[in-house]
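K.L.:
Sharing a structure, written as structure tokens. Questions coming.
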Amino acid sequence: MKHSETLFQAASQHIPGGVNSPVRAFRGVGGTPVFMRRAQGPYLYDEDYQRYVDYVCSWGPMILGHAHPEVVEAVQQAAAHGLSFGAPTEAETRMAQQIKVHFPSMELLRMVSSGTEATMSALRLARGYTGRNKIIKFQGNYHGHVDALLVKAGSGALTLGNPTSPGVPEAVVADTITLSYNDLDAVKQAFAEYGEEIAAVILEPVAGNMNMVPADAAFLQGLRDLCTRNGSVLIFDEVMSGFRVHLGGAQARYGITPDLTCLGKVVGGGMPVGAFGGRREIMEHLSPLGGVYQAGTLAGNPVAMAAGLKTLEVLSRPGTFEALEATTRVLADGFRERAERAGIPLQVTHMGSMLGLFFTEDGPVRTYQQVVDSNTARYGRFFHGMLENGVYLAPAAFEASFVSTAHDDDVVELTLDMAARVMQNLGD
Ligand SMILES: Cc1ncc(COP(=O)(O)O)c(C=O)c1O
Ligand SMILES: N[C@H](C=O)CCC(=O)O
């Protein structure tokens, strides 16, 4: 950690908290963030030449593992033809077509440069389309740092104790109604009170920013029905769950179709990309067809499209997703079994290639309250024990873990051996 410590001190002189995104600062688990110098397959290598099995996967995007040779080659080829044109390219159409193969509900879609842009734009569009202002979101869900959605948010906002951010004017969040995840009665009540004023309901259909909590199918179906009945737009934020819980995201997994979908992470293959799209009738309200303005200098960037397209192509090969899901299941079962043997109460959630670890007896975990009541101090000790043994988990108790196609049986076995070792000395 010697070099990481020096680098962190230097970074802290110039960058707030020494990091360009807060959860990286390790405040959720204590200690000094590990500075990485390279990554390959399932491994990260730090500045002190330590190797780690990586379950952060850059917070989701690296679904094929790091520096996948086909993706790197595609990026190199695209870069050699120019980094950005600010004009349309054929690759953008191919990307839209490729996404629609898996997400047919996205009849029209637009590329942006981050998940935050995707949710921000979807929200504006929903409001422009309905002519209404109020929106419903859920506690512990995180949709990027969009002002109107930084209310009782998950991820770093929750970890760092600022789920509702200072700097967001009250007027901006006056129309944000925040409810409990998986609590359909609360949503029914809100619709009973505000029905005709509600522009949109936005949620993570599999929440990955309060660790990993799947929505109940009845909850999602209930939201679908309420939105349809009240003329509100149902937005699935699948920035994280897209291509992760199923190639077609949570909407394919649950068989419930939203009006708008937000994507990010995997769709960019490690490059800064997001996308939003949905019903044609709604999407046609976007400029230049309609009046709802949305734009981006680097939107549809050719190098990013190349990375995303190749990632989706490799991921779509027969058997690839199924194998990834099977690996995740072995890992989840293994964590459960090792914890049981060590007498440590642990709840494990998993779906597709996402996984959640909660140190609590209170399962299955379905609510925000269960998440925040879990033993986060113990998670911190587990995190550091695993780190010392060469396994890099999320440096915060409120983040999901991710598996890639590069995580093979040996890597999983090694991870579970280390987990068994660390659980021997985990304390209370
Ligand atoms: C579900 C979800 N939505 C939106 C975002 C925002 O994406 P980005 O960080 O690319 O802006 C994230 C991650 O940060 C996310 O997990
Ligand atoms: N949970 C966040 C996104 O999914 C983590 C990424 C970040 O905030 O840096």
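A short reminder: the numbers here are calculations on the coordinates, not readings from a lab. A quick note: this is a predicted structure, and the numbers were derived from the prediction, not measured. Neighbour counts run over all protein chains shown; Cβ positions are idealised from the backbone, glycine included.
K.L.:
Which one, Met271, Pro205, Ala153, projects farthest toward the positive side of the charge dipole computed for the stretch 69-315 from Cβ point charges (K/R +1, D/E -1)?
P.N.:
Of Met271, Pro205, Ala153, it is Met271.
K.L.:
Which listed residue (Ala80, Leu387, Leu346) has the Cα farthest towards the positive end of the charge dipole for the chain, taking +1 on Lys and Arg C-beta and -1 on Asp and Glu C-beta about the Cα centre?
P.N.:
Ala80
K.L.:
Could you size up the charge dipole of the stretch 145-285 around its Cα centre, putting +1 on the beta carbon of Lys and Arg and -1 on that of Asp and Glu, and report it in debye to the nearest 20?
P.N.:
The calculated dipole for the stretch 145-285 is roughly 540 debye.
K.L.:
Here is a follow-up. Excluding Trp59 itself, calculate the net charge of residues whose Cβ lies under 13 Å from the Cβ of Trp59, where each Lys or Arg counts +1 and each Asp or Glu counts -1.
P.N.:
Here the count lands on +1.
K.L.:
Leu298 to Thr6: extension gain in nm, 0.36 nm per residue of separation minus the Cα-Cα distance?
P.N.:
Working: separation 292, 0.36 × 292 = 105.12 nm, distance 3.41 nm.
Using 0.36 nm per residue and subtracting the Cα-Cα distance, I get 101.7 nm.
K.L.:
Suppose we keep just the DSSP beta bridges with both residues in the chain; what percent of those would be antiparallel, to 5?
P.N.:
Roughly 60 percent of the DSSP beta bridges within the chain come out antiparallel.
K.L.:
Which value at 222 nm does the chain reach when only helices count, each DSSP H run of 4 or more adding -39,500 (n - 2.57), with the total divided by all residues and rounded to the nearest 500 deg cm²/dmol?
P.N.:
On the way: 15 runs with 169 residues, N = 428.
It comes out at -12000 deg cm²/dmol, rounded to the nearest 500.
K.L.:
Separate question: Order by neighbour count: Met111, Met418, Met240, fewest other Cβ atoms within 10 Å first, most last.
P.N.:
Met418, Met111, Met240
K.L.:
Still on this model: Taking the square root of 5 times each eigenvalue of the Cα gyration tensor, what semi-axes in Å does the equivalent ellipsoid of the chain have, largest first? Mind showing how you got there, number by number?
P.N.:
Values: eigenvalues 212, 139, 86 Å².
Calculated on Cα positions only, the semi-axes equal 33, 26, 21 Å.
K.L.:
Rounded, prolate or oblate: which fits the stretch 69-315, taking a ≥ b ≥ c as square roots of the Cα gyration tensor eigenvalues, rounded meaning a/c under 1.5, else prolate when a/b beats b/c?
P.N.:
Working: a/c = 1.67, a/b = 1.60, b/c = 1.05.
Taking the square roots of the gyration eigenvalues as a ≥ b ≥ c, the stretch 69-315 is prolate.
K.L.:
Take the residue pairs Lys100/Lys265; Lys100/Lys152; Lys137/Lys310 and return only those whose Cα atoms are more than 28 Å apart.
P.N.:
Correct reply: Lys100/Lys152; Lys137/Lys310.
K.L.:
What does the charge add up to near Gly290, with Lys and Arg as +1, Asp and Glu as -1, over the other residues with Cβ less than 12 Å from its Cβ?
P.N.:
Result for the neighbourhood of Gly290: 0.
K.L.:
State to the nearest 20 debye the size of the charge dipole of the chain about its Cα centre, where the only charges are +1 on K and R beta carbons and -1 on D and E beta carbons.
P.N.:
My answer is approximately 460 debye.
K.L.:
Same structure again: From the residues Ala323, Thr297, Leu260, which one has its Cα farthest along the dipole of the stretch 217-345 in the positive direction, the dipole being from +1 and -1 charges on Cβ of Lys/Arg and Asp/Glu about the Cα centre?
P.N.:
Working it through, the farthest residue towards the positive pole turns out to be Ala323.
K.L.:
In sequence order, what are the phi-derived ³J(HN,Hα) couplings for the stretch 118-133 according to the Karplus relation 6.51 cos²θ - 1.76 cosθ + 1.60 with θ = phi - 60°, rounded to whole Hz, with x for glycine and proline?
P.N.:
For the stretch 118-133, the Karplus curve yields 5, 5, 4, 6, 4, 5, 4, 5, 4, 5, x, 5, 8, x, 10, 10 Hz.
K.L.:
Another one. Take every DSSP beta bridge whose two residues both sit in the stretch 69-315, then give the antiparallel share in percent to the nearest 5.
P.N.:
Beta bridges within the stretch 69-315, antiparallel portion: roughly 40 percent.
K.L.:
Using a 10 Å Cβ count of at most 16 others and DSSP loop calls, identify the longest part of the chain lacking such chymotrypsin sites (Phe, Trp or Tyr not before Pro).
P.N.:
86-292
K.L.:
Size of the dipole of the stretch 69-315 about the Cα centre, Lys and Arg at +1 and Asp and Glu at -1 on the beta carbon, nothing else charged, in debye to 20?
P.N.:
Working: 18 positive and 23 negative charges, 24 e Å.
It works out to roughly 120 debye.
K.L.:
Once you list every other residue whose beta carbon is under 10 Å from the beta carbon of Asn375, what net charge do they have if Lys and Arg are +1 and Asp and Glu are -1?
P.N.:
Net charge around Asn375: -1.
K.L.:
Please tell me the relative contact order of the chain in percent, rounded to the nearest whole number, where contacts are Cα pairs under 8 Å and at least six residues apart.
P.N.:
Working: 880 pairs, mean separation 96.5, N = 428.
23 percent.
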